[in-house]
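One structure below.
Read-outs throughout are calculated quantities, based only on the coordinates presented, and are distinct from any laboratory measurement. Values in this document were obtained by computation on a predicted structure and should not be read as measured data. Please note: Cβ atoms are built from the backbone with ideal geometry, for glycine as well, and neighbour counts cover all protein chains shown.
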Amino acid sequence: MSNILQLENIVCVPVIHGRCAFAQEVRRVFLQDRYDCVAVELPGSLAASVQEAAEHLPLISAVVYRESVTGYCYVPIEPGEGIMEAIRLALRERIAIAFVDMETETFAALSPALPDEYAMTQVGLPAYYESMLGYLPTPAPGSWQDQRESWMANELRHLQQEFDKILFVCGLAHWQGIRRHLQDKTPRPASHVHPEYTPQIYAVHSDSIYLTTGEIPYITFLYEKNRYDPDLKSFDKCDGIKELLLETRKEYCHDFAEETERLTLSAMQSLLYYLRNLCLLQGYLTPSLYDLIVAAQGVGGSGFAARLLEMAKFYPYQDPTVTLPEARIGIETAWLKDFGEVNAKNRLPGPPFSLKNIKLERRPRPEKKAEWKRRWGHHHECSWPEEDDRIERFTSHVKARARALLGEDLARIEKFTTSIKDGLDIRETIHQWHTHDIYVKEIPPMRGDVGAVIFIFDPNVEIYPYRITWLAEHAEESTLCFYATDPNEDIIGPGISRALYGGALFIFPPQVIPDIWKNKQFDDVQQPIEKLVAAACFYSQSKYIAYVAQSRPSLQSRSIARKNENHLLYLPISQFSAYTIRKLRIFHVLAGHHVRSYAQKYIR
């Protein structure tokens, strides 16, 4: 331990309140030596209540007392607080505990802005503290904070005479002043208040734990779990944040399997890069809860961010059967059983923080989806217009690619004489390089257009039982025939289901046609893919049909096209963005046009 944190037989661990890294440092210092007494920055009037509450840890509670003037104060009893770690260790080892702070009528918090505590875990507490000395506030002589530090110095001086070695835990901003008063032997302040309040222990409600702990509750949970590790492995907050993200991803993908393709490990790596950049912009080493939510929303969407927020608030050690009265802690207020809402401030405040708004929309839980499924009915089903517009635009893009492909197939290659025609043919020019001739290509005018587009997203047709033909609602929309997953299996909202295309046929201009899956005209065609090809050949107004799939059309499909004097223009699906294809395959079925008025709340 550096001399800067030790004075005679007093070893000090100055902490940032509520930070697990400093609680771990207290534990490390305590376990590496023998101490006769643990002194903490709390007044003696709270000793009995705080020690009793510490016995309930890892249950998070608060010792609340009424100030003699107005309002209330509370001491958070949580695992990530360095002072509570010291008290827990002293109680376990049956070491004397001294509460050395001065009694006051009204407590005024001192919470200076400090660098990220993660730096302390890398350089060590002595170096971290020494680098902070120039930034810590120095109380004016005779001020209230100066009197507190003088009082604590006098209490420690008395303890020095009684114990051989003392471990003192206080806020980072106080040790410099206390050390000075100890060296100068400043006399005890004259004024001393004897409080008349009775502290009360409250169990903190699980919904407000994140406002009570200095860390994200899930990080506090991981730290508490790490305390019982037999190899005394140090807890790393960055590893805890990664575990939080991966655990959220695991649960989210379990409930919403279709999100697995989006939340790949590569996407999670991008999320970490995003977090790193947010931290760099703000000058911190570790992200705040707000940063985590912003990054999660940017990479995984609003639903994933909402689930991350729920997971971040997870703390499993709150016992609902505990007999303690309950409190809900707010920013500067608290709701106390038997007293209602009161003004309250933290006796051990961490660094200052600000509140920020972010809009999140939670995805429904499986229980809610089960309720919607019981009420599901699709007798008057319709599509979601935004998805219709998106896939129609993509279909037009595919038609343009198919027309260009058709032109390339019909191109004539000839030796350059007087005109470059429709451009140089680089391939043939290189192939004939030894002749020193240049070759050009001429693309004749294409007669006809691409009349239909077939998408075969997945040739494994057995897993797509939903087969239907949808007629166009207006002249700018195609007639659609497709096979897909069963919409009944994924209800995402009241009257809203989601499915996945396996294959689809788009016929434009739209036509009123019978359902191809029930049309006896195609009974001789058994396979769904060939049935789409047969319908395209029969209803298309052009002999050219775009065929987008992983592999070329089957022999039977080509035979059907030749029989109907049609031509299948094959485009490998790999030529298109995999992300775009994944988005296009997902579509929604609405139980009536009236559902469109509120479907936006559930479709993402």
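Taking other Cβ within 10 Å of each residue's Cβ, how do E41, E428 sort, fewest first?
With the sparsest Cβ surroundings first, the list reads E428, E41.
Sorted by packing (mean other beta-carbon atoms within 10 Å per residue), highest first, where do 486-497, 210-221 land?
Per-residue mean Cβ counts within 10 Å order the peptides as 210-221, 486-497.
With charges set only on the Cβ (+1 for Lys and Arg, -1 for Asp and Glu), what does the dipole of region 451-543 come to about its Cα centre, in debye to the nearest 20?
It comes to approximately 240 debye.
Would you mind classifying region 271-394 by shape? Square roots of the alpha carbon gyration tensor eigenvalues, ordered a ≥ b ≥ c; an a/c under 1.5 is rounded, otherwise it is prolate if a/b is larger than b/c and oblate if not.
In terms of gyration-tensor shape, oblate.
Quickly estimate the mean residue ellipticity at 222 nm for the chain, helices only: each DSSP H run with n ≥ 4 gives -39500 (n - 2.57), and the total goes over all residues, rounded to 500.
Helix contribution divided over all residues of the chain: -11500 deg cm²/dmol.
Taking a ≥ b ≥ c as the square roots of the Cα gyration tensor eigenvalues, with a/c under 1.5 meaning rounded and otherwise prolate when a/b beats b/c, else oblate, which class fits the chain?
It comes out prolate by the Cα gyration axes.
Hey, which of these cross-link pairs are over 32 Å Cα-Cα: K165/K233; K369/K399; K165/K225; K242/K337?
Cα-Cα > 32 Å for K369/K399; K242/K337; rest within.
Where in the chain are the DSSP H helices whose C-alpha atoms run 30 Å or more along the long axis and whose mean Kyte hydropathy is at least -1.0?
TM-like helix candidates: 385-410.
Just rank D319, D236, D388, fewest to most, by other beta-carbon atoms within 10 angstrom.
D319, D236, D388
What does the C-alpha gyration tensor say about the overall shape of region 226-308? Classify as rounded when a/c is under 1.5, otherwise prolate if a/b is larger than b/c, or oblate.
Oblate, since a/c reaches 1.5 and b/c is not below a/b.
Tell me, K356, K233, K373 in order of fewest to most beta-carbon neighbours within 10 Å?
K233, K356, K373
Using the per-residue mean of other Cβ atoms lying within 10 Å as a proxy for protection, in what order, highest first, do the peptides 506-515, 573-582, 117-126, 200-209 fall?
For the peptides 506-515, 573-582, 117-126, 200-209, the packing ranking is 200-209, 117-126, 506-515, 573-582.
Check the straight Cα-Cα distances from K356 and name the lysines below 16 Å, setting aside those fewer than 8 residues away within the same chain.
none
Find how many whole Å separate the alpha carbon centroid of region 202-256 from the alpha carbon centroid of region 490-552.
50
Rounded to the nearest Å, what's the spacing between the alpha carbon centres of region 80-107 and region 296-372? Just the number, please.
Centre-to-centre (Cα) distance: 28 Å.
When the Cα atoms of region 141-272 are enclosed in a convex hull and the volume is divided per residue, what value in Å³ results?
Roughly 227 Å³ of hull volume per residue.
In debye to the nearest 20, how big a dipole does the chain give about its Cα centre with +1 on each Lys and Arg Cβ and -1 on each Asp and Glu Cβ?
1780
Show me 290-297, 392-399 ranked by packing, highest mean number of other Cβ atoms within 10 Å first.
Peptide ranking by packing, descending: 290-297, 392-399.
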